[in-house]
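Below: one structure, written as structure tokens.
The values are calculated or read from the model by the stated rules, or taken from the named source; none is laboratory data. All figures in this text were calculated on a predicted structure; none of them were measured in a lab. Please note: Cβ atoms are built from the backbone with ideal geometry, for glycine as well, and neighbour counts cover all protein chains shown.
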């Protein structure tokens, strides 16, 4: 018998011992932290960049929405990339693209180039995001999956917890360019760890570039047209050409219908629609979409509210969110362990209710309010978020056949990020509309926008309650990486 490849799963597991799967989890956690940092830290700099480039809210929101749209679309390519290039090469390539986007974006002088680099960062982040769930579902047994997801979540939420605080200080001291370089040390660490711990094989330990490993280009083009036409159509509805907006929305609907028809016929579809034949996954997809709308919409809205509505400096706006981020980091490991013992539907529903309550409570904050009220309401929301994060992926994918796990991970993340891209666009459009209508009372305009995202979040509770987990789950997924 020939010796295994020195970077195969078997060789690496033998070299690093029984805790090898935790080293793999640490590796993908660092890369995901870099991608989430890139996603969220930009929000603190939006007012400063708006002044520099002369942007209105409808254009400024594309700094976040463009990233989210690119991330959403590239997620669907992760299963193909893993099959074609394996864990190591896929991960290293995405991390290097993320770092390049940060460096070039930080030295750019034109808004169009900055936006292009945000899109490049989003493409890299979308490839990275589904990989941890694939690792957890395949490398850990059912009794450890919640714990693993909780530990992973603890590390990942440190990025958005410290991101606004660090970003606010950087913007105030060095200007908006400095925030683009924050991803560089994370990316370098992820690159080094990936070269040490990630196997070269595809999920399940199989060889890369197997016969039939082809990207569904037609499906990718159709869904790209559908998503981009949807986001641009939403912007045009509030612009000078609403008729163009309706045309783009019609184009989006046509492209999505074409995508669904193509996926039904394709031998290797970009999105396996039979995933939605599993009720837990279908309900989880609905939760992920509406939850993504609320989560990412509010992530964009809260820093802008504190700087434009409450006239707080960027550093103070970031520091106000820090306690809530730390509470989230503490909540997630506890919620992860709870997901191994309690029905995930109840945990997710409870988390969504707390998150919705925090949005509704934001309407009590005004110019005369203490910033501590924002801290309190944000903490309530982050406790809810901590309940949702470890349970949503687990509740959606438990019971799926092993061969559908990569597709399931990319699809559930796609649904969440699609909701996020729509949510950021919707919040930017609604906020601009309400600011124009309430030009003498901008705080009231923000309050009305918070009520909207609170209602969206509350709607997801009904689907969460139907995320009934299967009666039996696979005891172990020992064929991990």
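Are any of the residues in segment 120-128 assigned by TED's automatic domain parsing to the domain that holds residue 197, over 20 Å from the mean Cα position of the chain (by Cα), part of a helix (DSSP H, G or I) and at pLDDT 80 or above? The answer is no; no qualifying residue exists. For the residues 392, 431, the requirement of being part of a helix (DSSP H, G or I) and within 14 Å of the chain's Cα centre (by Cα) singles out 392. Against the test of being closer than 22 Å to residue 305 by Cβ and buried (at least 24 other Cβ atoms within 10 Å of the Cβ), the options 352, 326, 367 yield a single qualifying residue, 352. Condition check: closer than 17 Å to residue 130 by Cβ and at pLDDT 85 or above. Does residue 397 satisfy that? No; evaluated as a whole, the condition is false for this residue. Would you mind stating whether residue 373 is in a helix (DSSP H, G or I) and surrounded by fewer than 18 Cβ atoms within 10 Å (Cβ to Cβ)? The answer is yes for residue 373. Set side by side, the residues 272, 339, 280, 288 differ, and just one is in contact (Cβ under 8 Å) with a residue 24 or more places away in the chain and within 28 Å of residue 64 (Cβ to Cβ), which is 288.
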